[in-house]
Every structure is written in structure tokens, then in C-alpha cells.
Amino acid sequence: MISPTTLVIVGALAGAFGLGHLLASTAGDARLAELRGQMSRSQAAQAEHASRRLLDAQTHGDTLTRQLAAATRAASRLRKERDDALQTATTGRVCLDTAALRVLDGAPGLAVALPTATSGTAAADGAVATDTDVARWALGAGDQYEECRRRLDALIDFHPSEAQQ
């Protein structure tokens, strides 16, 4: 038979074990709830940061797009002014004949699409480039270069290197 003292000791141990388990479980649950709260706050902060960066990038991109469009409009106005000035500064005399144009046509970065001469000795030879044609081509090449440079500069401004940040 089990003595009453043994039963009291076993009961006290069982109660202490149950109480310890309850306290540890409650502390663990509280710690788990705290960690979950920290994780939620961290994820919310990361989402807010990512959202802010996206908005900043879109705003910056919109600003650069407006600046590029304004620069392109200004370049177009200048191109028209230069083209009008060329009309009075050139004479329309033959500068390159058909053979020279054939050599240039299709060269890297070049496409020769000039009208056939309509009068004078130039018309007898076929396609020619007048001083006006060559000057306009040079202006067009310069405009294309500048447009490319403006676009590349805008891309570089949109994606600054790590050294610039």
C-alpha cells in the first residue's frame, strides 16, 4: 500500500509540473505573439519602403520624360530654323554624283535617299547630291546624334551608378 506521505509528495510534484508547464506555455505563447508582431511590423515597413521607392522612381521617370520631351521640341525648332537658313546659304549646285552616292549608300549608319535632279547638267547624270542635300544630311545626322545623347543621358540619370548614390 502507498503511504499518504508518498501520495502527497507525488501530488505536489504533479501539481508543480503542471504549474511549471502552464507558466512555460504561457510565456512561450507570449514570446511567439511578440515575435509575430515584430515580423508583421517589419514586413509592413519593408512594403512601405518598396512602395515609396517605386513612387519616387515613377516621379523621377516622369520628370526626366518631360525634360526629354522639352529638349526634343527645342531641338526640332532649332532644326527648322537651321533648315530655313540652309535654304538661303546653299546654292543647290552638285556636290556628289551618282558614283559617289552609290559608294555611300548602305555604308554603316548611312542611307542615301536623295531625289533625282530635275534640271541642268545634274539631271543628265541621274541621282546627285547638291550642297543643300549634303548640308541637310549633316544637320540630320547631328540631330540624330543629339537625340541619342539626350535619351542616353536620361537613362543614365534614371539609373545612377552606385558611385553616384
In Å², nearest 10: area of His60 left accessible to a 1.4 Å probe: 70 Å²
Where a label projected 7 Å from the Cα of Arg150 along Cα→Cβ would reach, residues of the stretch 54-89 with amide N under 12 Å: 65-80
Label-point separation in nm, Thr63 to Ala141, each point 7 Å along Cα→Cβ: 3.7 nm
The chain - percent relative contact order, Cα under 8 Å, separation 6 or more: 23 percent
Calculated FRET efficiency for the pair Leu78/Arg102, C-beta based, R₀ 25 Å, to 0.05: 0.20
Net length gained if the chain between His159 and Arg36 were fully extended (0.36 nm per residue, minus Cα distance): 40.6 nm
Rounded to 10°, Cα long-axis angle of helix 131-158 versus longest principal axis of the chain: 10 degrees
The stretch 78-83 - phi-based ³J(HN,Hα) in whole Hz, Karplus 6.51/-1.76/1.60, Gly and Pro as x: 5, 4, 4, 4, 5, 5
Residue-normalised accessible area of the stretch 27-85, expressed per residue, 1.4 Å probe, Å²: 79 Å²
For the chain, projected area of the alpha-carbon convex hull averaged over all directions, nm²: 21.0 nm²
Computed helical MRE - 222 nm, the chain, DSSP H runs ≥ 4 contributing -39500 (n - 2.57), nearest 500: -28000 deg cm²/dmol
Area accessible to solvent at Thr5, 1.4 Å probe radius, in Å²: 90 Å²
Potential lengthening between Gln87 and Val134 on full extension [0.36 nm per residue; Cα-Cα distance subtracted]: 15.7 nm
Ranking by accessible area, most exposed first, for Val128, Val10, Val134 with a 1.4 Å probe: Val10, Val134, Val128
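The values are calculated or read from the model by the stated rules, or taken from the named source; none is laboratory data. Bear in mind the structure is a predicted one, so any value in this text is a computation, not a measurement. Neighbour counts are summed over all protein chains in view; Cβ atoms, including those assigned to glycine, are modelled from backbone coordinates with ideal geometry. Accessible surface is based on the protein model in full, side chains and every heavy atom, while ligands, DNA and RNA are left aside. Shrake-Rupley method; radii C 1.70, N 1.55, O 1.52, S 1.80 Å.
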